[in-house]
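The values are calculated or read from the model by the stated rules, or taken from the named source; none is laboratory data. Predicted model, so just to flag it, every value in this text is computed and none were measured. Please note: Cβ atoms are built from the backbone with ideal geometry, for glycine as well, and neighbour counts cover all protein chains shown. Side chains included, ligands, DNA and RNA excluded: accessible areas come from the protein's heavy atoms. Shrake-Rupley method; radii C 1.70, N 1.55, O 1.52, S 1.80 Å.
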Amino acid sequence: MTDRRTNLVAALKEATDKLDSLVAMAVSQGQPTTHPENPMLLMMFLGAAMELGQKYNVQITDLASAEEEFSGDAEVKQLADDVKAQLKAMGLPTEVPKPKQS
């Protein structure tokens, strides 16, 4: 069984590739590469995040928790920072708000 860190690293690397391909697709279609100008980016990113979550059993929409869990891990921090930088450049949220517990 692979460990959580291995899955997280793989998911973050794949997330970077998926974000790159979303931008490339938008460019090829003459669409804006930022949200909210292109609202489909958010939907496509959330779909990709769900797919990665199922594939690797990690939440890439909760990068803060991942960074906290692996706080001393330079590779995880760098990959999470890369994904966050891509999301920011695209105008997408870097964190998905958690539902409030009552």
* Glu95 label point, 7 Å along Cα→Cβ, cut-off 12 Å on backbone N: hits in the stretch 44-85? -> 62-68
* For the stretch 17-35 and the stretch 70-94, what is the separation of their Cα centres, given in Å? -> 18 Å
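Ignoring ligands, DNA and RNA, please state the percent of accessible area on the stretch 1-85 from carbon and sulfur, probe 1.4 Å. Kindly include the intermediate steps, with their values, before the conclusion.
Numbers: 2740 of 4870 Å².
Result for the stretch 1-85: 56 percent of the exposed heavy-atom area is carbon or sulfur.
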* Expressed as a rounded percentage, what relative contact order does the stretch 19-77 have, with Cα pairs under 8 Å and six or more residues apart? -> 17 percent
* Say R0 is 22 Å: what FRET efficiency, to the nearest 0.05, do Ala10 and Met50 get from their beta-carbon distance? -> 0.85
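For the chain, what is the per residue volume of the convex hull drawn over the alpha-carbon atoms, in cubic angstrom?
Working: hull volume 10.9 nm³, N = 102.
Considering the Cα atoms of the chain, their hull volume per residue is 107 Å³.
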* Within the stretch 1-55, GluC sites (Glu not before Pro) in DSSP loop having at most 13 other beta-carbon neighbours inside 10 Å -> Glu37
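Looking at the stretch 4-102, which trypsin sites (Lys or Arg not before Pro) are in a loop (DSSP not H, G, I, E or B) and have at most 11 other Cβ atoms within 10 Å?
Values: sites: Arg4, Arg5, Lys13, Lys18, Lys55, Lys77, Lys84, Lys88, Lys100; in loops: Lys100.
Here the trypsin sites (Lys or Arg not before Pro) that fit, given the DSSP loop and packing criteria, are Lys100.
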